[in-house]
Structure formats: C-alpha cells, structure tokens
Amino acid sequence: MRKEDCYFLGKITRRHGLAGNVILKMDTDQPEFYKNLESIFVEINGILVPFFINKLGFSKRDTLNISFKNSTEALVDQSIGRNVFLPMETLPPLSGTKFYYHEVIGFEILDQDGKSCGIIKEINDYIAQHYFILNLNGKEVIIPVIKDWVLEVSREEKTIKMQVPEGLLDVYLINSKKDE
C-alpha cells in the first residue's frame with residue numbers, strides 16, 4: 001500500500017494495560033465510522049505496514065483501544081508513536097456541501113456572486129480555525145473554513161461557492177497594491 005493512496009487516521013499514542021493493547025488517537029469528526037475496523041496501516045520507517053485487529057473498543061469518543069492479532073511485545077513497541085493510515089477507498093462518499101480536505105485541493109472558491117476568490121492550494125488544519133490557502137493571481141489569500149459559509153460544492157466543476165464576508169478579499173487586494 002502506498003501512502004499517497006491512503007489518508008491519515010490518527011496516531012498510536014501509548015500502550016493500554018498489560019495485554020498488549022494500544023491506544024489510537026483518531027483525527028476525525030466521525031469516530032463512529034471506525035468502530036468495525038479489521039486492519040490499519042502503521043507507518044514504520046516510511047513504509048505502511050498492515051496490522052490486523054483482533055478486538056477494539058472506544059476508550060473515549062475519538063480514541064480506540066486496540067488489540068492486534070498475533071501481536072508480540074516487539075510489534076506493540078514498534079507501533080507506539082506511529083501514524084496510522086487507511087486506504088482512500090474506505091472513506092464514505094460525501095455529498096451536498098460536505099467535502100474531504102484532500103479532495104478539494106485545486107478547487108476554485110467562488111463568492112456568492114460567482115466571482116473567483118482563488119484556487120485552493122492547501123488547507124491548514126493544524127490549528128483550531130482551519131483555513132483555505134488560495135492562489136489568486138499569484139497572491140496568497142486565506143479564507144476560514146466555516147461550514148455555514150459553504151453554499152455549494154460542485155465536484156464536476158471543481159468549485160466551492162461560499163458566502164464570503166464583505167471586505168474579506170479587499171484586505172488582500174489593498175495589500176497587493178502596496179506590494180506593487
């Protein structure tokens with residue numbers, strides 16, 4: 001399995017108990033989707049290694065307590081602190097105004113009047129307020145990812161129509177004129 005064919009699920013943070021269980025802290029807003037996992041891919045030395053699950057249960061809303069099949073102390077030790085991935089095809093399809101961050105890279109953001117705000121080049125989700133980083137005529141523009149602002153997602157046209165607050169883009173246009 002190649003890493004580019006997978007998505008990040010979370011990280012194995014520590015052991016749990018004496019039976020060789022581990023704790024997987026998931027990076028998802030739908031943890032219930034993962035209650036029937038049969039296997040995961042653990043990144044070890046840059047390679048995705050399959051780990052087969054014997055038993056799992058939630059220890060917190062977004063944290064799984066996992067027991068691996070045929071696990072050894074060495075195998076459990078190797079998994080601690082490692083990132084966990086799953087194949088892209090395991091993601092449920094989304095519709096309406098919902099989207100996965102990885103699928104909208106390259107989409108154009110349009111304001112409510114259909115005017116371009118730029119093309120999504122990346123999404124910062126490492127802080128509390130996630131935001132799109134756009135390219136608008138060679139300038140970097142940042143727009144917060146706020147689900148109530150998303151009006152329409154067109155996967156066919158690769159566009160996201162948003163209710164962009166009046167004046168938000170003006171800040172970038174004024175600053176870009178100062179740079180000229």
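Coordinate-derived values only; no laboratory data. All values derive from a computational prediction rather than experimental measurement. Neighbour counts run over all protein chains shown; Cβ positions are idealised from the backbone, glycine included.
Which one, M162, N70, I120, is farthest towards the positive end of the dipole of the chain when Lys and Arg carry +1 and Asp and Glu -1 on their Cβ?
It is N70, whose Cα lies furthest towards the positive end.
From the square roots a ≥ b ≥ c of the eigenvalues of the alpha-carbon gyration tensor of the range 3-88, which class results: rounded (a/c under 1.5), prolate (a/b over b/c), or oblate?
Taking the square roots of the gyration eigenvalues as a ≥ b ≥ c, the range 3-88 is oblate.
Please get the size of the charge dipole for the chain, origin at its Cα centre, with Cβ charges of +1 on Lys and Arg and -1 on Asp and Glu, quoted in debye to the nearest 20.
800
Students often forget the sequence filter, so: which lysines lie under 20 Å Cα-Cα from K60 once same-chain residues fewer than 8 apart are removed?
K11, K25, K35
Stokes-Einstein diffusion coefficient for the range 101-179 at 37 °C in a medium of 0.692 mPa s, Rh from the Kirkwood formula over Cα pairs: what value in µm²/s?
258
The range 6-158: Rg/Rh from Cα coordinates, Kirkwood Rh?
1.07
Using θ = phi - 60° and the Karplus form 6.51 cos²θ - 1.76 cosθ + 1.60, what ³J(HN,Hα) does each residue of the range 23-30 get, whole Hz, x for Gly and Pro?
9, 9, 8, 8, 9, 8, 9, 10
Quote the relative contact order of the chain in percent (integer), defining contacts as alpha-carbon pairs under 8 Å separated by 6+ residues.
Computed value for the chain: 17 percent relative contact order.
What list of ³J(HN,Hα) values in whole Hz, one per residue of the range 72-85 in order, does the Karplus curve 6.51 cos²θ - 1.76 cosθ + 1.60 (θ = phi - 60°) give from phi, with Gly and Pro shown as x?
Coupling constants for the range 72-85: 10, 4, 5, 5, 4, 4, 5, 7, 5, x, 9, 6, 10, 10 Hz.
If the cut-off is 16 Å between C-alpha atoms, which aspartates and glutamates fall inside it for K55, apart from same-chain ones fewer than 8 positions away?
E32, E38
May I ask you to sort R61, R14 by Cβ crowding, counting other Cβ atoms within 10 Å and putting the fewest first?
Placing the least packed residue first, the sequence is R61, R14.
Could you work out [θ]222 nm for the chain from helices alone, using -39500 (n - 2.57) per DSSP H run of at least four and dividing by all its residues? Round to the nearest 500 deg cm²/dmol.
-3000 deg cm²/dmol
Using amide H atoms built in the peptide plane, which far-off residues or other-chain residues are under 5 Å from F107 H to H?
Those qualifying (amide H under 5 Å, at least 5 residues apart or on another chain) are I120.
Which lysines have a Cα lying under 30 Å from the Cα of K158, excluding residues fewer than 8 positions away in the same chain?
K3, K98, K115, K121, K139, K147, K177
What is the set of long-range amide H partners of R82 at a cut-off below 5 Å, with H atoms built 1.01 Å from backbone N?
Answer set, sorted by chain and number: I12.
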